[in-house]
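Inspection log for the structure reproduced underneath, given as structure tokens.
The values are calculated or read from the model by the stated rules, or taken from the named source; none is laboratory data. Not measured: the values here are computed from a predicted model. Here the Cβ positions follow ideal geometry from the backbone for every residue, glycine too, while neighbour counts run over all protein chains shown.
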Amino acid sequence: MSGGPQIESPHVIVVGGGLAGLAAAAALAESRCRVTLLEARRRCGGRAASYEDPVGGGLVDACQHVAMGCCTNFLDLCRRAGLDDALRRDRTLWFIGPEGDRSRCTPSRVLPAPLHLAPLLFGMRHFSVGEKLALGRGMLRLARYRPAEGAETATALEWLRLIGQPERVIRLFWQPVIESALGESIDLVGVGAARKVAVDGFLAHRDAADLIVPTEPLGRLFGDRLVGWLEGAGVVVESGMTVTEIERATDGRVAAVRCGTESIPCDAVVLAVPWKAAGRLVPDVVPDVAEQLAGSPITAVHLWFDCDVIDVPHAVLVGRVSQWVFRGEPGSGTHGHCQVVISASRGLMQGDRQKLVDQVVAELREVFPAARNATLRDAKVVTDPTAVLSVRPGVDAQRPAATTHVPNLFLAGDWTATGWPSTMEGAIRSGRIAAVAAGRYLGLTVPAVVPELPKNPLVRLITAG
Ligand SMILES: Cc1cc2nc3c(=O)[nH]c(=O)nc-3n(C[C@H](O)[C@H](O)[C@H](O)COP(=O)(O)OP(=O)(O)OC[C@H]3O[C@@H](n4cnc5c(N)ncnc54)[C@H](O)[C@@H]3O)c2cc1C
């Protein structure tokens, strides 16, 4: 039932053109409201962005982004916007062990979940049989984890040690997997967030662990194509518009949004900006959240060699500074380009960039024979110091809901309460949740959040804990 005014064609302003704002606008565009999206930067996409390649020209992603098969709202938005052709589904995960041994790990297409993971776990050549069994046990224990008395205090590392996971298994499986999925180090993230990775990202469904890799630069995918599709659906997208104030009427409701000297009236606002910007714009709604929430850095090391050096589409490099390597898309004008991604990179931020490049190149030369004779033409290190929300124990209690005490103001963003970590899926979910709440206020029908992948009875039994 609507809690707000019944307006024929209400005007909703979405502030922020990252994936949360774009998803909110997409959902609202399916109702009978008018939608305006205001983005401060020249191009939409937010943190899922690209920059101009100084060497070959064209767009290069600031940092490689991947989704997983479990990201139902990400996949749904891409499908509806016709972006499917620019997403590759890698079913095989490549792990490169400490000695350079390669493991090609592919979940079964035949066995029911969670047994589909058996070939993936047993495919890891750098583990002994005992370690593989311990890893399987750890996965099941994690799936059954429930915080004592509802309060989560332990970090993933503390908990994995508590249940007796071998140090090698922690260092060579849990650490790279959890850190790359959550963007934060294993000794800081809460067990609940690690459980989400294990259950939703691996155990829940045969397709859950599929890696979804964009094959076009994010700037083109989201900044151009997704925006073009939204405009086609009637959304007015205005970039280069920094919102400086959310104007309120005497009854406290939002009346307009101000961009410098221009005031744009509206019936509701979805505020889809990062938490610090939200705190500045509506300090009474998002008061001290900046003190309670912390960001985690992610570093991308871009390397341009004179030839292609990576002979697999991607690889997890375990037990090294380099965590993931992604090959530039063949045929996309990125010949010889590859990208190494290092999550939770705060230890590297103050260090010498050249030393980091040297170390990463040395690691690649160790494991990829073609890199040994290749000449490095250029390198670029890009670090986002607050790439993602640090999902520490208890953080979910601090993440605000989409609805606020201002009846026509709704919050979105990967940092809001979605139950998901700070990812593209989390951002898109948040946008949809906020759009549904705004729709409810205005008496509009807005499409609901897409449910997670269905769990079969065996998975439900295992994860019920
Ligand atoms: C280096 C890095 C690697 C990552 N890797 C992955 C990955 O592999 N997989 C994955 O799923 N996720 C990854 N993420 C996380 C993912 O990018 C984010 O979770 C997601 O893009 C956040 O979207 P958002 O819309 O919530 O926020 P943002 O993308 O931050 O969007 C907020 C938007 O609001 C705009 N804005 C701010 N203030 C104003 C204002 N006053 N007026 C108007 N506009 C304003 C900003 O310009 C921005 O465009 C990564 C992030 C980084 C930085």
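A few points about this structure:
- Arg104 meets the stated requirement of being out of contact with any helix residue (DSSP H, G or I) (no Cβ under 6 Å at 6 or more places or on another chain), more than 16 Å from the ligand (Cβ to nearest atom), on the phi < 0 side of the Ramachandran plot and among the basic types (Lys, Arg).
- Test: residue in the stretch 242-253 that is within 11 Å of the ligand (Cβ to nearest atom) and either assigned to a strand (DSSP E or B) or small (Gly, Ala, Ser) (or both): yes
- Options Arg161, Arg220, Arg171, Arg146; residue that is assigned by TED's automatic domain parsing to the domain that holds Leu83 and basic (Lys, Arg): Arg220
- Residue that is farthest from the ligand (Cβ to nearest atom) [pool: residues in the stretch 257-274 that are farther than 13 Å from Val15 by Cα and either hydroxyl-bearing (Ser, Thr, Tyr) or buried (at least 19 other Cβ atoms within 10 Å of the Cβ) (or both)]: Asp267
- Single residue of the stretch 4-46 satisfying the filter (among the β-branched types (Val, Ile, Thr) and more than 8 Å from the ligand (Cβ to nearest atom)) that is surrounded by the fewest Cβ atoms within 10 Å (Cβ to Cβ): Ile7
- Selection from the stretch 153-184 of residues that are assigned to a loop (DSSP other than H, G, I, E, B), touching a residue at least 40 places away in the same chain (Cβ under 8 Å) and out of contact with any Lys or Arg (no Cβ under 8 Å at 6 or more places or on another chain): Thr153, Ala154, Gly183
Let's see how each residue does on (1) within 21 Å of Gly16 (Cβ to Cβ); (2) touching a residue at least 12 places away in the same chain (Cβ under 8 Å):
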site	(1), (2)
Gly426	yes, yes
Arg429	yes, yes
Ala434	yes, yes
Ala438	yes, yes
Tyr441	yes, yes
Val446	yes, yes
Val450	no, yes
Asn456	no, yes
Leu461	no, no
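- Matching residues in the stretch 17-46 - criterion: being hydrophobic (A, V, I, L, M, F, W, C) and under 16 Å from Thr418 (Cβ atoms): Leu19, Ala20, Leu22, Ala23, Ala24, Ala27
- Every condition in (1) under 25 Å from Val273 (Cα atoms); (2) basic (Lys, Arg); (3) buried (at least 17 other Cβ atoms within 10 Å of the Cβ) holds for Arg195 except the one numbered (1).
- Within the stretch 357-394, the only residue that satisfies the criterion of being within 28 Å of Thr155 (Cβ to Cβ), part of a helix (DSSP H, G or I) and in contact with a strand residue (DSSP E or B) (Cβ under 6 Å, 6 or more places away or on another chain) is Val360.
- Tallying residues that are under 18 Å from the mean Cα position of the chain (by Cα), assigned to a loop (DSSP other than H, G, I, E, B) and more than 15 Å from Ile13 (Cβ to Cβ) within the stretch 401-445 yields 11.
- Residues of the stretch 347-369 classified as under 26 Å from the mean Cα position of the chain (by Cα), at pLDDT 90 or above and surrounded by fewer than 16 Cβ atoms within 10 Å (Cβ to Cβ), total: 1
- Selection status of Val285, of a type outside the set (Phe, Trp, Tyr), in contact with a His (Cβ under 8 Å, 6 or more places away or on another chain), assigned to a loop (DSSP other than H, G, I, E, B) and more than 11 Å from the ligand (Cβ to nearest atom): yes
- Residue match in the stretch 391-404 (condition: surrounded by fewer than 23 Cβ atoms within 10 Å (Cβ to Cβ), over 30 Å from Arg144 (Cα atoms) and either touching a residue at least 40 places away in the same chain (Cβ under 8 Å) or within 16 Å of the ligand (Cβ to nearest atom) (or both)): yes
- Cross-chain or 6+ apart pairs with Cβ under 6 Å, the stretch 238-254 first and outside the structural domain of Val15 (by TED's automatic domain parsing), then at pLDDT below 95 and near the ligand (Cβ under 9 Å from one of its atoms): none
- Lone unmet requirement of (1) assigned to a loop (DSSP other than H, G, I, E, B); (2) in contact (Cβ under 8 Å) with a residue 60 or more places away in the chain; (3) crowded, with 16+ Cβ neighbours inside 10 Å for Met124: (2)
- Single residue of the stretch 290-302 satisfying the filter (over 17 Å from the mean Cα position of the chain (by Cα) and either surrounded by fewer than 19 Cβ atoms within 10 Å (Cβ to Cβ) or modelled with pLDDT of 95 or more (or both)) that is farthest from Gly394 (Cα to Cα): Val301
- Inspection of the stretch 84-105 identifies no residue that is within 26 Å of Val235 (Cα to Cα), in contact (Cβ under 8 Å) with a residue 24 or more places away in the chain and either assigned to a loop (DSSP other than H, G, I, E, B) or among the aromatic types (Phe, Trp, Tyr) (or both).
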